[in-house]
Amino acid sequence: TAKVRNAMRTAANNMSIDMYSSGALTNQMGGLAAIVTSDGTGTVGGINSSTYTFWANQYREMSGASTWSKSTVKGDMNAIWLTCVRGSDVPHLILSTHDFYAAYWEGKQDLERYNDPTSSTKATSLAPALKFATADVVFDSNSNFTATGEKMYFLNLDYLELCVHSQANWTQLEDKIPTNQDAVLIPIISQHQLVCSNRARQGLLLDAS
C-alpha cells in the first residue's frame, strides 16, 4: 500500500513537469512549452501559426540581458497582460518560475502593512497569495527546469483543457507476478493531453538573454 501511494505521488509530480513540456520525450504529453512558445510559432492541433497568424500565442521578451528587477518586472507584466486581453477575455492564472515570482513578490512586500504591536491585529503581508489584476500569480517549482527559468505564463483557462482517457485516469490494473521473482507488479496507467482552443489568448513573458 505504501509503495502504491508513493508511486502515485511520484507520477503526479512527473505529470506536473510534463504540463510544462513540449512533448518531445517518449510517452510525454504536450504541455505549455508546445502551446505557448517563446516566439508564438509552432503547430498545435494541426494548425501552423506561421501560416495562420491568428493561431500564434502572445509573447514578450524583456529588453537587455538580465537587467530586469522588482521595479521593472511589473511594467513588462502590464505589457504582456494587455496583449492577452480581448473584451472580457483576460488571463485567469499566471504561472511563474522562481526568479520572476520572487521579484514580483518583493515588489509587493514594499506595500506590507504593520500595525501597533499592542493591537490584536498583527502584521499583514500581501504575499504569497499574490494577484495581478484579476489573475492569481502562482509559483510552481516544476516550471523552472533551471535555476534561472525567467518565465511567466499568462493563461486564459477558458481555452485550455486537460483531456483524460476515461479508462486511463491513473487507473490501477490487475497485479502481475513475474515468473522469476518473488514479487508483484502493479501497473498504473495514465493517458492525458493538454489542449488549447485559442492560442492568441495565452501569453508568455520571458528573458531569453
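The values are calculated or read from the model by the stated rules, or taken from the named source; none is laboratory data. If you're wondering where the values come from, they're calculated on a predicted model, not measured in any experiment. Here the Cβ is made from the backbone with ideal geometry for all residues, glycine too, and neighbour counts use every protein chain on show. For the accessible areas, the whole protein counts, side chains as well, though only heavy atoms, and no ligand, DNA or RNA atoms are used. Shrake-Rupley method; radii C 1.70, N 1.55, O 1.52, S 1.80 Å.
Under 19 Å from a label point 7 Å along Cα→Cβ of SER63: give me every residue in segment 72-102 with its amide N that close. 72-83, by backbone N distance to the label point. Taking a straight Cα-Cα cut-off under 23 Å and skipping sequence neighbours fewer than 8 places away in the same chain, the lysines within cross-link reach of LYS74 are LYS108, LYS131, LYS151. Ranking of LYS176, LYS70 by solvent-accessible surface, largest first: LYS176, LYS70 (1.4 Å probe, protein heavy atoms only, all chains present). Using a probe of 1.4 angstrom and keeping all protein chains present, the accessible surface of the chain works out to 58 square angstrom per residue. 3J(HN,Hα) couplings calculated from phi for segment 23-31 with the Karplus curve 6.51 cos²θ - 1.76 cosθ + 1.60 (θ = phi - 60°) are, in sequence order, x, 6, 7, 4, 6, 9, 6, x, x Hz; Gly and Pro show x. What lysines sit close enough to LYS176 to cross-link, taking a C-alpha to C-alpha distance under 27 Å and skipping anything fewer than 8 places away on the same chain? Answer for LYS176, where 27 Å is the Cα cut-off: LYS3, listed by chain and number. Residue ranking by accessible heavy-atom surface, 1.4 Å probe, largest first, among ASP158, ASP140 comes out as ASP158, ASP140. Heavy-atom accessible area for LEU32, with the other protein chains in place and a 1.4 Å probe, reaches approximately 10 Å². A probe of 1.4 angstrom, applied to the heavy atoms of all protein chains, finds GLU61 with accessible area near 100 square angstrom.
When the accessible area of segment 131-181 is computed with all protein chains present and a 1.4 Å probe, what percentage of it is carbon and sulfur? So the carbon and sulfur contribution to the accessible surface is 49 percent. In whole Å, how far is the Cα centre of segment 13-84 from that of segment 150-208? Computed from Cα coordinates, the inter-centre distance equals 18 Å. Approximating the spin labels as points 7 Å out from Cα along Cα→Cβ, the ALA129-to-SER38 distance works out to 3.5 nm. Every helix of 4 or more DSSP H residues in the chain counts as -39500 (n - 2.57), and over all residues that averages to -6500 deg cm²/dmol at 222 nm.
For the chain, the alpha-carbon radius of gyration amounts to 1.25 times the rule-of-thumb value 2.2 N^0.38 Å expected for a compact globular protein. For the set ARG9, ARG60, solvent exposure ranked by accessible area (probe 1.4 Å, protein chains only) runs largest to smallest as ARG9, ARG60. Taking label points 7 Å from Cα along the Cα-to-Cβ direction, ILE186 and ASN48 give a separation of 4.7 nm.
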